[in-house]
Structures are given as structure tokens and as C-alpha cells.
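Written out below as C-alpha cells is the structure these notes cover.
The values are calculated or read from the model by the stated rules, or taken from the named source; none is laboratory data. Model, not experiment: these values are computed from the prediction. Using ideal geometry, Cβ is built from the backbone for each residue, glycine included, and neighbour counts are taken over all protein chains shown.
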Amino acid sequence: MGPSPHVRVLIRTRSGKESILRDIRDGEFFGELAAIDGQPRSATIVALTDTIIARMPPDVFRQTVHRHPDVCNQLLLLLASQVRMLANRVGEFSAFDVRGRIHAELLRLSRPARGGDKHAVISPPPTHAELAARVNTHREAVTRELNRLKKAGLLERRRGALVLLDRPQLANLLDQTAL
């Protein structure tokens with residue numbers, strides 16, 4: 001079985017440049033901001049795999065939130081986590097250069113490898129263009145930095161994954177790159 005179907009939330013500039021905000025997996029939702037405030041969507045949604053999407057009119061969404069405290073609480077938690085995530089990313093843009101932003105994104109995307117050692121895995125691995133869109137740089141800068149990390153023995157490409165060979169050391173490098 002392959003990766004779970006998901007969609008991507010991104011912002012496109014008029015020139016066509018994309019910035020990836022987040023990925024949405026099975027069972028998650030999007031469009032809650034427009035349903036809450038009636039304003040136009042603030043981002044674009046792109047299906048990355050075959051995806052089944054259900055639609056709920058804004059008034060039904062708001063009624064559901066008001067009538068069901070558990071739904072309201074889950075929505076509040078989601079909105080708080082999204083604000084926190086975006087605030088952290090804004091902080092990264094002001095605190096880190098491109099290299100640091102790439103390190104931060106690799107750490108954010110990774111999950112501990114089995115065995116509890118220093119290794120962490122990013123699977124499926126993002127393309128260099130996707131990483132660039134996540135950290136607001138160009139593909140060539142990502143390629144250079146990933147090659148540098150491979151040469152330093154901190155990153156390895158395996159079938160279907162990027163492996164961070166020493167997650168604590170990469171986190172230490174990130175701390176050192178703060179502006």
C-alpha cells in the first residue's frame with residue numbers, strides 16, 4: 001500500500017512561484033477559514049494523489065461547530081496549531097538563512113527511525129523543488145545543501161526515503177545557523 005492520499009495547501013504568486021504551507025492527509029479538512037469568515041480562500045488546494053473530497057456548505061459547518069462542543073474544541077485546537085506552525089515558520093524566515101531553513105524543514109518532515117537511534121526518516125522523500133517551495137528558495141540551493149549534508153555524513157538517500165543519519169547533529173547545526 002502506498003502513501004495515504006493527500007492534498008497540498010499552497011500559495012501562488014502572480015508570477016507563478018509556489019510556497020507550500022502544509023499537506024493534508026486522509027480525514028483532515030480544509031476551507032474552514034472561508035467557512036468561518038465568508039472571505040475568499042487564502043490558499044490553493046492541489047490534489048497530489050487520487051482523492052475523494054466531501055463538501056459542506058459554510059452555514060452547515062458553522063451550525064455543526066456551534067451545536068457540537070467536541071467539534072468546536074477540535075476546530076479550536078486545529079486553528080491554534082496552524083497559527084503556531086505559521087508563527088514558527090515566520091520566525092524561521094527571520095532567524096535562519098536558506099541553509100538553516102532547509103535544515104529546519106528536514107527536521108520537521110522527519111520521523112524517528114525504528115530502533116530509537118539518532119536516525120530519522122522522511123518518506124516519501126520530497127523533491128528538491130518541493131523542499132524549495134517549503135522554504136522559499138530555489139531548487140538549486142536545495143540540491144547544493146542536500147549534497148553538502150550527504151558529504152558530511154548527515155544525510156543519505158535510500159529507496160523511497162531520505163534518512164537523516166544524525167538528527168541531533170542536524171539540530172545542532174540548525175542552532176548554529178541562527179542569524
Only one of Arg41, Arg55 that is under 27 Å from Thr137 (Cα atoms), part of a loop (DSSP other than H, G, I, E, B) and not assigned by TED's automatic domain parsing to the domain that holds Leu107:
Arg41
So, in segment 72-121, of the ones that are among the basic types (Lys, Arg) and more than 16 Å from the chain's Cα centre (by Cα), which residue ends up modelled with the lowest pLDDT?
Arg114
Considering each of Gly16, Gly91 in turn, give the residue that is part of a loop (DSSP other than H, G, I, E, B) and under 30 Å from His128 (Cβ atoms).
Gly16
For Asp70, only one of the following conditions fails: (1) in contact with a Gly (Cβ under 9 Å, 6 or more places away or on another chain); (2) part of a helix (DSSP H, G or I); (3) not basic (Lys, Arg). What is its number?
(1)
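Every residue, every condition in (1) assigned by TED's automatic domain parsing to the domain that holds Arg62; (2) more than 28 Å from Leu48 (Cα to Cα); (3) not in a helix (DSSP H, G or I), yes or no:
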{"residue": "Leu76", "(1), (2), (3)": "no, no, no"}
{"residue": "Pro124", "(1), (2), (3)": "no, no, yes"}
{"residue": "Ala133", "(1), (2), (3)": "no, no, no"}
{"residue": "Glu145", "(1), (2), (3)": "no, no, no"}
{"residue": "Arg157", "(1), (2), (3)": "no, no, yes"}
{"residue": "Asn172", "(1), (2), (3)": "no, yes, no"}
Between Arg89, Arg108, Arg84, which is among the basic types (Lys, Arg), within 19 Å of Val163 (Cα to Cα) and not assigned by TED's automatic domain parsing to the domain that holds Leu48?
Arg108
Matching option when the condition is surrounded by 17 or more Cβ atoms within 10 Å (Cβ to Cβ), farther than 25 Å from Arg12 by Cα and touching a residue at least 60 places away in the same chain (Cβ under 8 Å), among Arg134, Arg167
Arg167
Do we have Ala132 as modelled with pLDDT of 90 or more and touching a helix residue (DSSP H, G or I) at 6+ places or on another chain (Cβ under 7 Å) here?
yes
Count - residues of segment 32-78 that are touching a helix residue (DSSP H, G or I) at 6+ places or on another chain (Cβ under 8 Å), hydrophobic (A, V, I, L, M, F, W, C) and closer than 20 Å to Ser19 by Cβ
1
Residues of segment 18-43 being within 17 Å of the chain's Cα centre (by Cα) and loosely packed, with under 13 Cβ neighbours inside 10 Å, in sequence order, are Arg25, Asp26, Gly27, Glu28, Ser42
Just a yes or no: is a residue in segment 113-129 in contact (Cβ under 8 Å) with a residue 24 or more places away in the chain, buried (at least 19 other Cβ atoms within 10 Å of the Cβ) and under 14 Å from Leu174 (Cα atoms)?
no
Can you pull out every residue in segment 9-43 that is in contact with a strand residue (DSSP E or B) (Cβ under 7 Å, 6 or more places away or on another chain) and free of Cβ contacts under 8 Å to residues at least 40 places away in the same chain?
Val9, Ile11, Arg12, Asp23, Ile24, Phe30, Ala43
